[in-house]
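Bear in mind that the values in this text are calculations on the coordinates, not laboratory data. This structure is a prediction, so every number in the text was calculated from the model and none was measured. Cβ sites come from the backbone with ideal geometry, for glycine too, and all protein chains shown count toward neighbours.
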Amino acid sequence: MSYLLKIPAILALLLVMTGCGVHSYTNHTDVSGFPHRYADFDYKYAWKTVVTDQALLIDGVMKNVRYAFIDSVQVKVSVLDKNGNIIATASDFPMPQKTREGDVCIFTLLLRDVKPASGDIFQFQVHYTGNEGDHDGGGVDWYSNFKVDALTGAAILPPGKNPDEW
């Protein structure tokens, strides 16, 4: 095999191996290190926060529990004070961008000059395209959001909403 043919072959092999590693990781992510959790009809979320002198870091994972395929995902988190005013906002495009049902994607958000205090809220906003498995390229353009206590991660439900209600 000539030298010029070996280079594309090696590159193709590396690309395949990388893809297998990402796929394997997205199916077997251990969330025990993420103390905060939230479950919705489309995603299960788990995250942890780290506060430094200069910033608040939110590391998390999202598991697709609804659609055959989800892509074009964007996660945005706003920190709201006890009066509902926005203190800071950060967004991320989780990787991998295209997940199958059961797969996990990873997000990281850095909010500068933020230290959560009692009464502060994280407002998660997630935008994506979900596909039921149709091959026509169609899908649902979906926005979901939820709020949690910034310190405890406890869900904050709208008045009168009981998560166990039909």
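Summary table
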{"quantity": "Neighbourhood net charge (13 Å Cβ-Cβ; Lys/Arg +1, Asp/Glu -1) for Cys105", "calculated": "-2"}
{"quantity": "Summed side-chain charge close to Gln125 - residues other than Gln125 whose Cβ falls under 15 Å, Lys, Arg +1, Asp, Glu -1", "calculated": "-2"}
{"quantity": "Ile58, Ile121, Ile70 arranged by Cβ crowding within 10 Å, fewest neighbours leading", "calculated": "Ile121, Ile58, Ile70"}
{"quantity": "Cα gyration tensor, the stretch 87-155 - rounded (a/c under 1.5), prolate or oblate", "calculated": "prolate"}
{"quantity": "Of every Cα-Cα pair in the stretch 31-156, the percent that sits beyond 22 Å", "calculated": "34 percent"}
{"quantity": "Cut-off under 5 Å, modelled amide H: who pairs with Arg66 long-range", "calculated": "Gly102"}
